[in-house]
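Participant: This is the structure I have questions about; it appears just below.
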Amino acid sequence: MAKTVFSEVKSTPQFWGVMVVFAAFIGGAAMSILYIEHYGHIVTGMNNQIVWGLPHVFAIFLIVAASGALNVASIGSVFGKADYKPASRLSSVLALALLMGGLAALVLDLGRADRLIIAMTKYNFRSIFAWNVLLYTGFMGVVAVYLYTQMARGIPALWLRAAGTAAFIWRLALTTGTGSIFGWLVARSAYDAAIMAPLFIAMSFSFGLAMFMLVSTCTKRLTGQGFDDALRLRMARLLGVFAAVVLYFTAVQHLSNLYVAQHWAVVKFILLNGGIYTQLFWIGQVVLGGIVPMAILFHPTLATRTRPLMAAVLLVILGGFAQIYVIVVGGQAFPLEIFPGLEVSSSFFDGEINAYTPSIYEWSMGFGALALTFIITGVAMKFLRILPENNS
Amino acid sequence: MKLPLLKSKNDATDIGRRQFLKSGAAMVTVTLAPGVTVMAYGGAAAAQANPATRWGLLIDVNKCAKDCTACVSACSNENGWQDTGNPATDAQWIRKVELRNPQTGLEQSLAVMCQHCENPPCVDVCPTGASFKRPDGIVLVDKHICIGCRYCMMACPYKARSFIHEPVTDQKPHAPRGKGTVEGCTLCVHRVDEGQQPACVDACNTTGNGAMIFGDLNDPESEIAIQLATYASSAIRSDLGLNPGVRYQNL
Ligand code: SF4
Ligand code: SF4
């Protein structure tokens with residue numbers, strides 16, 4: 001196989017135009033954050049019942065996708081699939097950018113974001129959350145080293161492979177850690193399942209690859225640089241497999257919950273009578289985010305054409321957001337069972353299905369985090385040799 | 001007087017000051033404004049708490065009347081949290097919960113607050129260690145360290161904690177509050193450390209129905225320990241194995 005030559009992307013007006021749009025989103029998010037910081041979370045849709053809202057949905061999506069985006073590089077260097085190798089730099093850069101975007105949303109939604117230094121200096125090592133902070137920082141370090149081994153000249157192949165393997169193992173730990181944030185919440189029947197960790201790994205494979213395909217295809221559109229159609233088709237088929245695996249684990253998640261009598265009510269809530277959450281689950285996650293894209297991705301001709309393929313990729317991403325929304329917000333909307341078997345009521349919404357309507361500030365924070373991810377990726381592509389040179 | 005927020009513009013000096021005071025003062029203090037000082041839970045007072053004691057509450061559900069909210073008003077007055085007309089975001093350190101058994105039709109009413117768990121999930125999950133348990137079993141939030149991540153609220157099985165969604169006014173010097181942090185029942189630690197009972201227990205005895213007993217669960221001579229040893233009692237969600245310090249009779 002011919003040696004791949006990498007280069008910085010060309011400065012096309014389209015490229016910069018898109019960057020300016022992202023910058024505008026980031027500006028909007030910054031204003032929202034300052035506004036929330038000043039008036040308090042009362043201006044958001046979050047409350048004492050739904051304590052984690054849209055910013056957490058975006059943050060978790062991006063963090064989960066971050067580890068998944070690295071898979072493309074892993075397939076090339078850890079599992080030795082040569083045709084994936086040209087994609088490994090972008091895969092590492094995107095993984096870093098997604099993680100930064102996700103962490104930004106997570107951190108800036110803190111009640112006291114100004115106390116970040118405390119979060120980074122005081123650790124409670126029994127907290128899975130604290131471990132996650134270490135996993136995230138470590139991930140950035142490991143991926144940065146991995147990226148360096150890919151880009152520097154004269155690095156022995158063995159080292160590249162070692163760095164790639166370390167990054168791959170780290171990413172599995174990172175996703176397990178993110179999933180465990182929920183697995184740890186014993187009192188919330190929606191989350192009390194060991195399946196959360198493998199489910200999150202499956203989600204990361206799917207969302208990460210979808211984000212990679214979205215970014216690489218759009219960049220090719222804007223700059224002419226990117227990967228050939230044969231590789232794209234292989235990725236499309238792989239994405240179809242990942243989407244199927246996510247559906248499989250989702251089925252296991254709900255079926256295994258049915259074996260636990262106390263969890264029937266919450267399973268019924270998500271699957272049957274949870275209103276918006278039931279709709280998001282069946283229509284958003286299962287049909288639009290799973291079955292429809294799978295039909296396209298496995299289709300002999302549709303998957304080779306850009307438009308249907310991008311539609312499938314976007315559907316996987318939207319389905320992913322729906323899925324995380326159902327897990328995070330739907331899980332809190334269902335009331336805590338403090339007195340199982342009894343009818344309860346109080347001035348503090350005990351026993352009630354909790355309502356949540358995200359405000360414009362939460363949406364703007366979420367889109368700002370996405371824009372941050374894209375702008376970091378774009379700037380990296382502009383100044384580093386990330387993409388293969390156009391060989392046509 | 002309108003107090004400034006507990007949040008200081010400059011956290012570096014905030015931390016520095018705290019560290020400085022930690023060494024000397026019996027109670028960690030921070031100056032809010034000239035002449036106004038609030039205590040932050042944690043530090044030396046917590047360290048001085050007696051590890052041989054375990055403070056607890058016993059609530060007799062049969063005595064707790066449906067229309068009585070004496071404990072709730074007393075807590076609100078004592079600790080300075082109040083109804084601001086935003087029920088979804090207002091803090092509630094203690095609340096009355098109405099129960100109805102759908103099989104028998106039995107209706108009961110009881111006060112629920114932080115259960116001061118022996119194995120508190122809120123403490124386990126807190127990334128910074130702001131949620132902590134004193135040696136005498138009282139579970140608190142150190143208002144200087146809490147970053148407002150709300151993970152403890154996700155983890156608490158009793159919905160015992162509130163996030164402060166708005167700037168707060170009318171803070172009590174002994175009960176620091178601050179926008180963007182999480183709070184909950186402190187078992188009136190400031191009163192307990194002075195040998196008094198929590199405000200809810202006092203109120204329940206004087207204007208309520210005498211449904212609450214406060215005391216040291218570890219002292220076999222205390223009224224609460226005798227009651228627990230003599231009559232059947234239960235903990236809410238005892239299946240979770242958290243061993244709460246708050247117990248209920250006739251539930
Ligand atoms: S009741 Fe909730 S807040 Fe109180 S100690 Fe137990 S877990 Fe923590
Ligand atoms: S909100 Fe505060 S007390 Fe609760 S887990 Fe986060 S840092 Fe700890």
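Participant: Taking amide H positions as placed 1.01 Å from N in the peptide plane, with prolines and chain starts having none, which residues 5 or more places from A:Ser189, or on another chain, fall under 5 Å of its amide H?
Facilitator: A:Glu337
Participant: When chain A is treated as a GNM, springs tying every alpha-carbon pair under 10 Å, which of A:Glu343, A:Glu37, A:Glu352 comes out with the largest mean-square fluctuation?
Facilitator: Answer for the Gaussian network model of chain A: A:Glu343.
Participant: Also, I was wondering about something else. What accessible area, in Å² to the nearest ten, does a 1.4 Å probe give for B:His174?
Facilitator: Accessible area, nearest 10 Å²: 40 Å².
Participant: Okay, next question. When the Karplus curve 6.51 cos²θ - 1.76 cosθ + 1.60 is applied with θ = phi - 60°, which whole-Hz ³J(HN,Hα) does each residue of region B:74-90 get, with x for Gly and Pro?
Facilitator: After applying 6.51 cos²θ - 1.76 cosθ + 1.60, I find 4, 5, 4, 5, 5, 9, x, 9, 8, 6, 10, x, 10, x, 6, 10, 5 Hz.
Participant: How do B:217-223, A:362-368, B:167-173, A:169-175 rank on mean C-beta neighbours within 10 Å, highest first?
Facilitator: Numbers: B:217-223: 14.0, A:362-368: 23.6, B:167-173: 16.4, A:169-175: 20.0.
By packing density, highest mean first, the sequence is A:362-368, A:169-175, B:167-173, B:217-223.
Participant: Mind checking B:230-237 for the average number of partner chain beta-carbons within 10 Å of each residue's beta-carbon?
Facilitator: Mean inter-chain Cβ contacts per residue within 10 Å come to 1.
Participant: Determine the total buried accessible area between chain A and chain B, counting protein heavy atoms only with a 1.4 Å probe; round to the nearest 100 Å². Provide the component values of the computation, followed by the final result.
Facilitator: Numbers: alone 18330 and 12240 Å², together 25610 Å².
For A against B, buried area totals roughly 5000 Å².
Participant: On a 1.4 Å probe surface of the protein chains, which of A:Ile26, B:Ile164 comes out largest in accessible area, and what is the full order?
Facilitator: Reading off the accessible areas and sorting them downward yields A:Ile26, B:Ile164.
Participant: Compute the accessible area of each residue in region B:177-192 twice, once for its chain alone and once with every protein chain present, using a 1.4 Å probe on heavy atoms, and list those whose area falls by at least 50 Å².
Facilitator: Output list: B:Lys179.
Participant: Over chain A, with a Gaussian network built from C-alpha contacts below 10 Å, which listed residue (A:Ala59, A:Ala303, A:Ala130) shows the highest mean-square fluctuation?
Facilitator: Checking each option, the largest mean-square fluctuation is seen for A:Ala130.
Participant: If you don't mind, another one. Within a 10 angstrom radius of each residue's Cβ in A:173-184, how many Cβ atoms of other chains show up on average? Whole number is fine.
Facilitator: Values: counts 0, 0, 0, 0, 0, 0, 0, 0, 4, 1, 0, 6.
Partner-chain Cβ atoms within 10 Å, mean over residues of A:173-184: 1.
Participant: Now, a different point. Apply the Karplus parameterisation 6.51 cos²θ - 1.76 cosθ + 1.60, with θ equal to phi minus 60°, to every residue of region B:48-60 and state each ³J(HN,Hα) to the nearest whole Hz, in sequence, with x for glycine and proline.
Facilitator: 7, 4, 6, x, 7, 8, 9, 6, x, 10, 10, 10, 8
Participant: What ranking of B:Val141, A:Val20, A:Val379 comes out by heavy-atom accessible area, probe 1.4 Å, highest first?
Facilitator: Heavy-atom accessible area, descending, gives A:Val20, A:Val379, B:Val141.
Participant: For B:Val246, which sequence-distant residues (separation of 5 or more, or a different chain) have an amide H within less than 5 Å of its own amide H, given hydrogens modelled in the peptide plane?
Facilitator: So B:Val246 has HN proximity to B:Leu57.
Participant: Need one value for A:334-345: mean number of C-beta atoms belonging to other chains within 10 Å of its residues' C-beta atoms.
Facilitator: Across A:334-345, the average partner-chain Cβ count within 10 Å equals 5.
Participant: If you don't mind, there's one more thing I want to ask. How long are the three semi-axes of the equivalent ellipsoid of chain A, in whole Å, if each is the root of 5 times an eigenvalue of the C-alpha gyration tensor, listed from largest down?
Facilitator: Calculated on Cα positions only, the semi-axes equal 36, 23, 20 Å.
Participant: Using each residue's phi in region A:223-238, evaluate 6.51 cos²θ - 1.76 cosθ + 1.60 at θ = phi - 60° and report the 3J(HN,Hα) Karplus result to the nearest Hz, with x for Gly and Pro.
Facilitator: Once rounded to whole Hz, the list reads 10, x, 9, x, 10, 6, 5, 5, 5, 4, 5, 4, 5, 4, 5, 4.
Participant: In the Gaussian network model of chain A, springs joining C-alpha atoms below 10 Å, which of A:Phe61, A:Phe168, A:Phe129 carries the largest mean-square fluctuation?
Facilitator: Result for chain A, Cα springs under 10 Å: A:Phe129 fluctuates most.
Participant: While we're on this one: Quick test of your reading: applying the under-4.7 Å Cβ rule, which cysteines of the protein assembly as shown are isolated?
Facilitator: A:Cys218, B:Cys64, B:Cys68, B:Cys75, B:Cys117, B:Cys126, B:Cys146, B:Cys149, B:Cys156, B:Cys188, B:Cys204
Participant: Also, I was wondering about something else. Provide the per residue accessible area, probe 1.4 Å, for the protein assembly as shown, rounded to a whole number of square angstrom. Kindly include the intermediate steps, with their values, before the conclusion.
Facilitator: Details: 25610 Å² over 643 residues.
Solvent-accessible surface per residue comes out at 40 Å².
Participant: Another one. May I ask for the distance between the Cα centers of region A:262-317 and region B:120-197, given as a whole number of Å?
Facilitator: With region A:262-317 and region B:120-197 each reduced to a Cα centre, they are spaced 41 Å.
Participant: Going by amide H atoms built from the backbone, whose H comes under 5 Å of the H on A:His299, apart from near neighbours?
Facilitator: none
Participant: Let me ask you something else. So, by mean Cβ neighbours within 10 angstrom, what's the order for A:319-327, A:215-223 with the highest one leading?
Facilitator: Final packing ranking: A:319-327, A:215-223.
Participant: Specify whether the C-alpha gyration tensor of region B:55-249 places it in the rounded, prolate or oblate class, a ≥ b ≥ c being the square roots of the eigenvalues: rounded for a/c under 1.5, otherwise prolate if a/b is larger than b/c and oblate if not. Don't jump to the answer; show the numbers that get you there.
Facilitator: Working: a/c = 1.42, a/b = 1.31, b/c = 1.09.
Rounded is the answer for region B:55-249, as its axis ratio a/c remains below 1.5.
The values are calculated or read from the model by the stated rules, or taken from the named source; none is laboratory data. Given the structure is predicted, the values throughout are model-derived calculations rather than measurements. Cβ atoms come from the backbone with ideal geometry, glycine included; neighbour counts cover every protein chain shown. Side chains are part of the model used for accessible areas, which takes the heavy atoms of the whole protein and leaves out ligands, DNA and RNA. Shrake-Rupley method; radii C 1.70, N 1.55, O 1.52, S 1.80 Å.
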